[in-house]
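Here is the structure we will look at.
The values are calculated or read from the model by the stated rules, or taken from the named source; none is laboratory data. This is a predicted model, so every value here is computed, not measured. Heads up, the Cβs are rebuilt from the backbone with ideal geometry, glycines too, and the neighbour counts pull from every protein chain shown. Ligands, DNA and RNA are excluded from the accessible area calculation, which covers all protein heavy atoms including side chains. Shrake-Rupley method; radii C 1.70, N 1.55, O 1.52, S 1.80 Å.
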Amino acid sequence: MKSPTEINVIKMKSISKVYDNGAVALDNVDITIRRGEFVFIVGSSGAGKSTFVKLLLREIMPTSGHLLVNGYNVKKMPNREIPYLRRSLGVIFQDYRLLPNKTVYENVAFAMRVIESPRRLILRSVNSVLDVVGLRDKYKCFPSQLSGGEQQRVAIARAIVNNPALIIADEPTGNLDPETSWEIMDIFQRINAAGTTIVMATHDKMIVDTMQKRVLAIEDGRIVRDEASGGYGYEV
Amino acid sequence: MKFRTTEYFIKEVATSLKRNNWMSLASIGTVTISLFILGLFLMVVVNLDRMASTLESQVQISVYLKDDITKEQTEALRQKLNSLQGIDTVNYISKEDAMKRFSERLGDQKYLLSALDETNPLPNAFEITVKDPQLVKTASKEVENFPGVDTAVYAQDIVEHLFDLTRLIRLIGLAIIIFLAGATIFIISNTIRLTVFARRKEIAIMKYVGATDWFIRWPFLLEGVVLGFLGGNIAAILLRLAYMALTQKIYDMMTFFPLIPLYPFLTYITIIIILSGIVIGALGSVISIKRFLEV
Ligand SMILES: Nc1ncnc2c1ncn2[C@@H]1O[C@H](COP(=O)(O)OP(=O)(O)O)[C@@H](O)[C@H]1O
Ligand SMILES: [Mg+2]
C-alpha cells in the first residue's frame, strides 16, 4: 500500500473542501508532487493554504476527491491509521509548537519516543539532527531561552528526526525577520538536497522569488498557477 | 508493551503527579470522600439487609393443638407437617415445656403462676419455621385445616412489614450507590480534565508526530488509576476504623444488636472500595481525554 519507491509523494484528484459553515476552502484541486521536489504553496491570506496542509495531515477530511500522501489513501483510510500517515511525514508550523517544559533535546526526542524508538537510536538521531540545524550546543536549553529562529530550528529538527520522505511546513517563516527566515530556508534547502520532498505554504514574496522553486498559486481555493521554477507573481 | 515505553509512562505519571501536586491531592481527596460515603452506604445497606433476613428467617408459626388428641394423632400430624412443601424445622413443644419456658420468661415475677393453682392452661404445640419467609402466610392457612389443629398463628404484621421494609432499603441503597458512583466518576473526570487540559498542547503535538491514541491515553489512564487507588485506600482505611469504632460502641451499649462481624466483612469492603477507586479513576480519565484526542 505504501511503497517507498513511489514516485508521487502527493497526488490530489478533484479535491474539494467545504467547511461546516459552507466556506469553500478548496475547489476541485488537481495536483501531483513527486519525490524530491521543493514546492511553494502561495496565495494571500484566506486563499486555502492551511486547508491544503491540514488535508495532507488528515487533520481534516476532504469533502470530495481522491488524495494519496506517501502511499496512504487519506480519504479512505480508517482513523487508526492516521498515526502511521503522520509518522511518514514531518510537519512544521508558524508558531513552532514546542513543549515549553521540555528541553531542546527532549523536544526532539519526543517525536521518537512516542513512536517507541529504541533509546540508543534516539540519542544518536537527536544529536545528528541537532547538528543539521546547528543547535547541538543548546540541547539543554528550554524553548523560552531561545530566539524565534532557534525555536523554529528545533521544530525542524523534530520534524526530520524520524527521516520522513516529506516535510510539510505552514508559513514557517511567518513569525521571523527576513534574516532569520533565510537561515530557515537554508536548512530546508539542505534537507531537500538530501532527497526529502518539501511542501511549504507561504506568502513571503521575497523568499519565493529568490528561491526559484516550483510554485503552486492558490486563489479562493483554486490552483491558478503551477510553475516549475517561478516567482510569487502577485502583489501581496 | 515495550519496557522503555512502560518506563516512559511511569515517569510521565510521576512527573505529572509532582507537577500538579495540589490538583492531585484534590483528586485524591475527592475520591476519598466519595468512596467513604459510598462505603458507608454499602455497609449500612448490607447490615440492614442482613438484619432483615435474619429477622425474616426467625419468623415461626406456632401450631396450637386441640387438647383431646392422642399421641398417635400428634405423631401423624408431625409427619404431615414435615412432609409439607418448604418447611424447614418442626419442633414439638409439650404443654409442660411451654409452661417451663413461660415461667422462665417471667423471671422475678414467677409468683404470678401461683394464681393458676397448679393447672396448666397452655396447649401442646408445634413450632415450625419455613425456608422462604414468603411462605409463612399460606403455610399457616393450610396447617390450620389439619385434623387436631386448633389454630396456627404467626407475627403477621412483622413479617409483612419486614418484606416491604427490606425491599425499600435495598432499592434506596441501590439508588444511592448508583448516584454516588456516577457523581464520583463525574468529579474525577472533571479533575483529570484539568490535568488533560493543562497538557492539551502536548497531546496535540503527540498526535502530529504520530503517537497512537492508546499511547497518549495510557499515562492519563495510569494517573487516574493511581489517584483512584490512593483515594480508595484512604477511604478503605477510614471505613475500617469507622466500622470498628461503631461495632465497639454498639457492643458496649447493647450486645444483642446483630451487626455483621468485622471479618471477613471489612476485607470485602476494602477490596470493593479500592477496586471501585481504580475503576472510577480509569473511567474518569478516559472520559476526560476523549475530547482532546480529536486533532
Ligand atoms: N475551521 C474552519 N471553519 C470554517 N471556515 C474555515 C475554517 N478554516 C478555514 N476556513 C476558511 O477557509 C478559507 C481558507 O482558509 P485557510 O486555508 O486557513 O487559508 P490560508 O491558510 O491560505 O490563509 C478561508 O476563507 C477561511 O475563512
Ligand atoms: Mg494559513
* May I ask you to list the lysines whose Cα is less than 19 Å away from that of B:LYS137, ignoring any residue fewer than eight positions away on the same chain? => B:LYS80
* Asked: Hey, rough spin-label estimate for A:ARG124 and A:GLU219, points 7 angstrom out along Cα→Cβ, what's it come to in nanometres?
  -> 5.1
* Asked: Taking only the alpha carbons of chain A, what extent do you get along each of the three principal axes, in Å, biggest first?
  -> 46, 41, 36
* Structure fact -> Excluding residues fewer than 8 positions from A:LYS11 in its own chain, the aspartates and glutamates with Cα under 20 Å of it are A:ASP27, A:ASP30, A:GLU37, A:GLU59, A:GLU81, A:ASP170, A:GLU219, A:ASP226, A:GLU227
* Rank B:LEU112, B:THR6, B:LEU171 by how far each Cα sits towards the positive end of the charge dipole of chain B (+1 on Lys, Arg Cβ; -1 on Asp, Glu Cβ) and give me just the farthest. => B:THR6
* **Set of the stretch B:172-199 residues, backbone N closer than 18 Å to the point 7 Å along the Cα-Cβ line of B:TRP22** => B:191-199
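Between beta-carbons, use under 13 Å as the cut-off and find the net charge around B:LEU116, counting Lys and Arg +1, Asp and Glu -1.
Working: positive: B:LYS95, B:LYS110; negative: B:ASP117, B:GLU118.
With Lys, Arg at +1 and Asp, Glu at -1, the neighbours total 0.
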* Report, ordered by chain and residue number, the lysines lying within cross-link reach of B:LYS110, taken as a straight Cα distance under 21 Å and ignoring same-chain residues fewer than 8 apart. => B:LYS95, B:LYS100
* Apply the Kirkwood formula to the stretch B:60-154: the hydrodynamic radius equals the inverse of the mean of 1/r over all pairs of different alpha-carbon atoms; give it in Å with one decimal. => 14.2
* Structure fact -> With the label point 7 Å along the Cα-to-beta-carbon line of B:LYS66 and a cut-off under 12 Å to each amide N, the hits in the stretch B:122-145 are B:145
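So what is the accessible area of the stretch A:98-163 per residue, in Å², with the probe set to 1.4 Å? Walk me through the numbers on the way to the answer.
Details: 2970 Å² over 66 residues.
For the stretch A:98-163, the solvent-accessible area averages 45 Å² per residue.
Give, to the nearest whole percent, the P(r) tail of the protein assembly as shown beyond 32 angstrom, counting all Cα pairs.
Values: 88475 of 140715 pairs.
Here the long-distance tail beyond 32 Å is 63 percent of all Cα pairs in the protein assembly as shown.
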* Go through A:ILE160, A:GLY134, A:ILE115 and say which Cα lies farthest out towards the positive end of the charge dipole of chain A; charges sit on Cβ, +1 for Lys and Arg, -1 for Asp and Glu. => A:ILE115
* Asked: Pairs A:LYS140/B:LYS201; A:LYS49/A:LYS213; A:LYS138/A:LYS213; B:LYS66/B:LYS141; A:LYS54/A:LYS205: which exceed 25 Å Cα-Cα?
  -> A:LYS138/A:LYS213
* **Part-to-part distance (alpha-carbon centres) for the stretch A:127-147 and the stretch B:226-240, which is given in Å** => 45
* Asked: Is it possible to state the helix-based mean residue ellipticity at 222 nm for chain A, with each DSSP H run of 4+ residues giving -39500 (n - 2.57), the sum divided by total residues, to the nearest 500 deg cm²/dmol? What is it?
  -> -9500 deg cm²/dmol
* Structure fact -> Helix-only [θ] at 222 nm, chain B, -39500 (n - 2.57) per DSSP H run of 4+, per residue, nearest 500, equals -25000 deg cm²/dmol
* To do: Could you work out how far apart the two model spin labels at B:TYR268 and B:ALA204 are, taking each label as a point 7 Å from the Cα in the direction of the beta carbon, and quote it in nm?
  => 5.1
* To do: Specify, per residue and in Å³, the volume enclosed by the convex hull of the alpha carbon atoms belonging to chain B.
  => 181
* Simple label model, 7 Å out from Cα along Cβ direction - B:ALA245 to A:ALA193, nm -> 7.7
* Structure fact -> Calc'd 3J(HN,Hα), the stretch A:127-139, phi into Karplus 6.51 cos²θ - 1.76 cosθ + 1.60 (θ = phi - 60°), Hz, glycine/Pro = x, comes to 4, 5, 6, 5, 5, 4, 8, x, 10, 4, 7, 10, 4
* To do: Go ahead and set up a Gaussian network model of chain A, Cα springs under 10 Å, then flag whichever of A:GLY148, A:GLY46, A:GLY71 fluctuates most.
  => A:GLY46
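Given a 1.4 angstrom probe, I'd like the percentage of the accessible area of the stretch A:98-163 that is carbon and sulfur, rounded to a whole number. Before the final figure, lay out each step's value.
Numbers: 1430 of 2970 Å².
Looking at the stretch A:98-163 in its full context, I get 48 percent from C and S.
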* Structure fact -> Whole-number value, in Å³ per residue, for the convex hull of the alpha carbons of the stretch A:1-74 is 83
* Asked: Measuring from the lowest to the highest alpha carbon on each principal axis, how far does the stretch B:82-234 reach, largest first, in angstroms?
  -> 100, 39, 21
* Note, ³J(HN,Hα) from phi for the stretch B:175-192, Karplus 6.51, -1.76, 1.60, rounded to Hz, x at Gly and Pro -> 4, 5, 5, 4, 4, 5, 4, x, 4, 5, 4, 4, 5, 5, 5, 5, 5, 5
* For the protein assembly as shown, with the dipole built from +1 on Lys and Arg beta-carbon atoms and -1 on Asp and Glu ones, taken about the Cα centre, which of B:GLY231, A:GLN94, A:GLY22 lies farthest toward the positive end? -> A:GLN94
* Asked: Which residue fluctuates the most in chain B, going by a Gaussian network model with Cα springs under 10 Å, if the choices are B:ALA204, B:ALA115, B:ALA245?
  -> B:ALA115
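Which length gain, in nm to one decimal place, applies between B:LYS131 and B:ASP252 when the Cα-Cα distance is subtracted from 0.36 nm times their residue separation? Mind dumping the intermediate values first?
Values: separation 121, 0.36 × 121 = 43.56 nm, distance 3.33 nm.
Length gained between B:LYS131 and B:ASP252: 40.2 nm.
Just the Kirkwood number for the stretch A:98-163, please: inverse of mean 1/r across all distinct Cα pairs, in Å, one decimal.
Working: mean 1/r = 0.0880 Å⁻¹.
Result for the stretch A:98-163, one decimal place: 11.4 Å.
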